[in-house]
Amino acid sequence: MFLAILTMHLLPFVQVTATTFTVLSLLLLAGVVIVRADYSRRITEQTEFRKKAIPHLCAYLEGKEGREAVLGILGRKRLPALDLLMDQSEEMDPEARKKLAPLYSGLSYTQGILRDLQSRYWPRRLRAAERLGYLGEESAIPPLMRALGDDILDVRLAAALSLARLGCGGALIPIIRSLDLPGEISQRRIAEILSMLGEEAAEPLLKVLHDRTLGPAALCIAIRTSTLLKLRRAAPAIESLLDHTDEDIRINAIRALGSLGEPSCISKITALAEDTSWAVRNAVMDALGRLNDHASIPMLTEALGDPEWWVRYHAGIALWQLGDPGIQALQKASTHHVDAYGRDMGRQILQQNGILNTTEVPA
Amino acid sequence: MNTIRILIWLILAYYLLLHLIYLVLMVLGSLQARRYRKGISFTEFRRIGESSLTMPVSLIVPCYNEAPIIGTTIRNLLQLHYPQFEIIVVSDGSTDGTIDVLGESFGLRRIERTGRRLIPSAEILAVHESEKIPNLVVVEKANGRRADAINAGVALARYPLLCVIDADCLLEPDTLIRLARPFLRDSRTAAVAGVVRPSNGLVLERGTITDHRLPRTILGINQEIEYARSFQWARIGLSRLRSMLCISGAMILIRKSLFVELGGPWPDAVTDDIEFTMRLNRKIHDRRNRRNERLVFAPDAVCYTEVPETARLYASQRNRWQRGTLQALWRNRGMILNPRYGLTGLFGMPFFLIFEGLAAVVELTAWILMVVALILGIATGAEIFWMIFLAYILGVFLSLCAVLMTETSLLRSASWGDFWRVIAALLIDNLGIHQFHLLCRVVGTVQYLFGRRDLGLSMRRKESQPLPA
């Protein structure tokens, strides 16, 4: 049968196929022209709209034009107007953004956007979740809180960003619970969003830091957010996490205390210099350098002989950061440290900073 | 006689299957690109551009005798909107005064910096830094090949992401942000590729692209369509099927640790980018490695590269690509139809072998068979005419699909004039240019079998390309 097909005449089959594709190609060409024309028209319209609307919007923001007049212009194209307002909003500081709220309310976007937030189509929910953050309406908070439970991560992130934009401090704990993702980048990303809450985040953050029912990722996010906000009040709570069983939490807590510059925690941080994890020991050396504690010099000097290169390196850097006493310790270590690696690291750090003439140092 | 007729039928089936697969890939690519666009939030790129957690990037620009254009390329890279990046230009034994040109433009001074030689390369002769641009480093090394220059540049790269860019490439200001996005969203991202388009018609003003015009020659415009069809839409589809086996060397963003683990591109490769991409796929898709990593295509990260507009350079380039493809396939033949590599082994590699590596040979066979059939009276003149017309119209149809998809994206042609020039070029593509391309590839195949492994002619740079404003 197969052979019979193969040996039959080509012409009818080829003719039919070629003719079909010729017709399809002509239709496609017509389709391309129509699509391009439509696309061009829409882009021209949007450009024209922006050209017209921007001067009115600027005049309104400067107080030279009334709300109704601007609404009259913006109302002609509601969705491009929303994009324009969001664009404008990004260029303004949070206080100045409040001037845009009457325009959003005047154009009555809320109901439509809330409907989109219920859509089965996730990009529409994503768009809605991020738009709600710009409207500045408190009524958007409950639906956004519900959106934190969305199946799609991007929608949850957009909802979190909008809640942060709306300054909703009460959303901090639900945000952390819904986005307690593993991995440094994810955690930093969420901490960055939460830090937009500013002082509003302080009390909920303290609650999170004391909550032992939360997972490691949630605690790491809380610690990172406290660091970004320079929340010194959180130091005791973070200090209590130094003996947590999770390595990431210990590392984040040490880094946070080092960044916050909390001298009362030094003894507890120093105690972790013997931790079994080299990453924890490394964080300890880094933090002690930042905390500028001269009493740590003997411990840092000893750490120059740590089996792990990074720990030795950060111990050396920490000594360097401590100024003259640390530099003297490095100079001594470069010749008299009991460990050959310790002597070498002392030399390397001094050399890197141009202090020591290496030719004078015995090998 | 029946044998010839059967062969003609098989080749016809091959043609139809090839075009069908490409059509499916392009539709898949278009859907993927649409999904990608819909998933981008309003402030996403702005946030990436401002965020402290955006990973810094080392841009490595290997160059050999690129004095006329290297300044423009660097000025273009300096316009990138990205929080933190460094540019490492590696002059691969240039003899045309590339270093002098860079010195005049950017005020170079020699420094004592060697870096860690993570991958072996030819000797580094000198390292210079710019007095004017703090994030510009220029490396002078003994001549090797492009891959060797890249490997030397890695020694001086300080950041966790490497972006390798050809010296004739130009980027849009937000290209790097768009390339970096997948790394910030998914820790499994191993490397990201972007769209590559011809730069020949671009208009520049102090390194910034101010106008997107088409190349001036038919050959140039033809490549515009070819790039849209194969390097853009089909490649997005292939990435969805874990079968993106060729990331253009013009632009790739990759984790430095993985790049070093792979030992960088192979310096003896005819086309180091194809060979490197196959090895990359081999590493991350081998089930035994349990890496769970992925290659991503960013359909809005655009890089423009110079394409040859003379027949001689075009022939040399296509000849080299063909030899490089065959070499890479041979070196990685263990992946073909190997279930250990999942879809990459079962679909990607056989597809690449049958429809890329062997396409020219099959097509030449088709032409020969048609002539033989005509001489022996097995097929009539009408049958041959319709066969040729079918091949022509299938090509036109596929190109029109690519144009349709391009016109609905941000990469649409700038004016109606350019649009109609593209349509005209795709209509005449199969009336000579395609056959010339076929010939170059057949010659490349034969030369590969006879052991030719050199890189062929290099592009002769003119200062006027791309067009200054």
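For segment A:77-139, compute Rg over Rh where Rg is the Cα radius of gyration and Rh is the Kirkwood radius from the inverse mean 1/r over Cα pairs.
A ratio of 0.96.
Taking R0 as 22 Å, what FRET efficiency do you get between residue B:376 and residue B:16 from their Cβ-Cβ distance, rounded to the nearest 0.05? Write down the numbers at each step before the final one.
Values: r = 24 Å, r/R0 = 1.10.
The value I calculate is 0.35.
Return the Rg/Rh value of chain B, two decimal places, where both radii are evaluated on C-alpha atoms and Rh is the Kirkwood radius.
Checking Rg against Rh, the ratio lands at 0.97.
What net charge do the residues around residue B:426 carry, taking every other residue with its C-beta under 12 Å from that of residue B:426, with Lys and Arg at +1 and Asp and Glu at -1?
Net of charged neighbours comes to -1.
Cβ neighbours within 10 Å, averaged per peptide: list A:342-349, A:218-225, A:198-205, A:330-337 in order, most packed at the top.
Ranked by mean Cβ neighbours within 10 Å, highest first: A:218-225, A:342-349, A:330-337, A:198-205.
Hey, if we sort A:116, B:286 by accessible area with the 1.4 Å probe, largest down, what's the order?
Values: A:116 50, B:286 10 Å².
Highest to lowest solvent-accessible surface, that is A:116, B:286.
What does the convex hull of the Cα atoms come to per residue for chain A, in Å³?
Spread over its residues, the Cα hull of chain A gives 310 Å³ apiece.
Give me the distance in nm between label points sitting 7 Å out from Cα along the Cα-to-Cβ direction at residue A:38 and residue B:411, one decimal.
Calculated label separation equals 2.2 nm.
For a quick protection proxy, order the peptides A:69-80, B:386-397 by their average other-Cβ count within 10 Å, most packed first.
So the peptides A:69-80, B:386-397, ranked by packing, come out B:386-397, A:69-80.
Compute the separation of the alpha-carbon centres of segment B:292-349 and segment B:97-129 and state it in Å as a whole number.
31
Working from Cα positions, state the angle (0 to 90°, nearest 10) between the long axis of helix B:311-331 and the longest principal axis of chain B.
90
Which GluC sites (Glu not before Pro) in segment A:16-84 sit in a loop by DSSP (not H, G, I, E or B) and have at most 11 other Cβ atoms within 10 Å of their own Cβ?
In loop regions of segment A:16-84 (DSSP not H, G, I, E or B), the sparsely surrounded GluC sites (Glu not before Pro) are A:62.
What angle do you read, to the nearest 10 degrees and between 0 and 90, between the alpha-carbon axis of helix A:11-61 and the longest principal axis of chain A?
70
Calculated FRET efficiency, residue A:76 and residue B:287, Cβ-Cβ r, R0 45 Å, to nearest 0.05?
Using R0 = 45 Å, I get an efficiency of 0.20.
Residue A:14: net charge of surrounding residues, Cβ under 14 Å, Lys/Arg +1, Asp/Glu -1, itself excluded?
So the environment of residue A:14 carries a net charge of 0.
Taking beta carbons within 10 Å but only from partner chains, what does the mean come to for residues B:38-47? Walk me through the numbers on the way to the answer.
Working: counts 7, 5, 3, 10, 13, 10, 5, 0, 2, 5.
Per residue, the number of nearby Cβ atoms from other chains is 6 on average.
Give me the distance in nm between label points sitting 7 Å out from Cα along the Cα-to-Cβ direction at residue B:35 and residue B:110, one decimal.
That separation, rounded to one decimal, is 5.5 nm.
Just counting partner chain Cβ atoms within 10 Å, what average do the residues of peptide A:13-24 show around their Cβ? Numbers along the way, then the final one.
Numbers: counts 4, 12, 5, 2, 7, 10, 4, 3, 10, 6, 1, 5.
Taking all residues of A:13-24 together, the mean is 6.
Compute the length gained on full extension between residue B:338 and residue B:206: take 0.36 nm times their separation in residues and subtract their Cα-Cα distance, giving the result in nm to one decimal.
Here the answer is 42.5 nm.
How well do other chains shield peptide A:30-36, expressed as the mean number of their Cβ atoms within 10 Å of each residue Cβ?
Mean shielding by partner chains, rounded to a whole number: 5.
Per DSSP H run of n ≥ 4, the term is -39500 (n - 2.57); total these for chain A, divide by its residue number, and report the mean residue ellipticity at 222 nm rounded to 500 deg cm²/dmol.
Theoretical 222 nm ellipticity from helices: -21500 deg cm²/dmol.
Mind listing P(r) for segment B:316-432? All alpha-carbon pairs, 10 Å bins, whole percents.
All Cα pairs considered, the percentages come to 12, 25, 30, 27, 7, 0.
How big is the accessible area of residue B:416 in square angstrom, nearest 10, if you roll a 1.4 angstrom probe over the protein chains?
My reading of the accessible area for residue B:416 is about 90 Å².
So what's the gap between the Cα centers of segment A:129-186 and segment B:220-280, to the nearest angstrom?
Segment A:129-186 and segment B:220-280 have Cα centres spaced 38 Å from each other.
Please give the Cα centre distance for segment B:12-65 versus segment A:46-85, rounded to the nearest Å.
34
Assuming a ≥ b ≥ c are the square roots of the Cα gyration tensor eigenvalues, decide whether segment B:1-152 counts as rounded (a/c under 1.5), prolate (otherwise, with a/b larger than b/c) or oblate.
oblate
Could you work out the longest stretch of chain B that avoids the GluC sites (Glu not before Pro) located in DSSP loops with at most 15 other Cβ atoms within 10 Å? Walk me through the intermediate numbers first.
On the way: sites that count: B:112, B:123, B:131, B:463.
The segment B:132-462 is the longest one with no such site.
For a Förster distance of 41 Å, can you work out the FRET efficiency between the beta-carbons of residue A:308 and residue A:59, rounded to the nearest 0.05?
On the way: r = 63 Å, r/R0 = 1.53.
After rounding, the FRET efficiency stands at 0.05.
Say the cut-off is 23 Å between C-alpha atoms; which of B:132/B:256; B:141/B:256; A:77/A:99; B:256/B:283; A:98/B:38 go over it?
Pairs exceeding 23 Å: B:132/B:256; A:98/B:38.
How much area per residue is accessible in the protein assembly as shown when the probe is 1.4 Å and only protein heavy atoms are counted (Å²)?
The answer is 43 Å² per residue.
Over 48 Å apart: what share of the alpha carbon pairs of the protein assembly as shown falls there, rounded to a whole percent?
32
Going 7 Å from the Cα of residue B:132 in the Cα-to-Cβ direction, what parts of segment B:44-73 have a backbone nitrogen less than 16 Å from that spot?
The answer is B:68-73.
The values are calculated or read from the model by the stated rules, or taken from the named source; none is laboratory data. None of the values given here were measured: they were computed from a predicted structure. Neighbour counts are summed over all protein chains in view; Cβ atoms, including those assigned to glycine, are modelled from backbone coordinates with ideal geometry. These area figures cover heavy atoms from the full protein model, side chains too; ligands, DNA and RNA do not enter into them. Shrake-Rupley method; radii C 1.70, N 1.55, O 1.52, S 1.80 Å.
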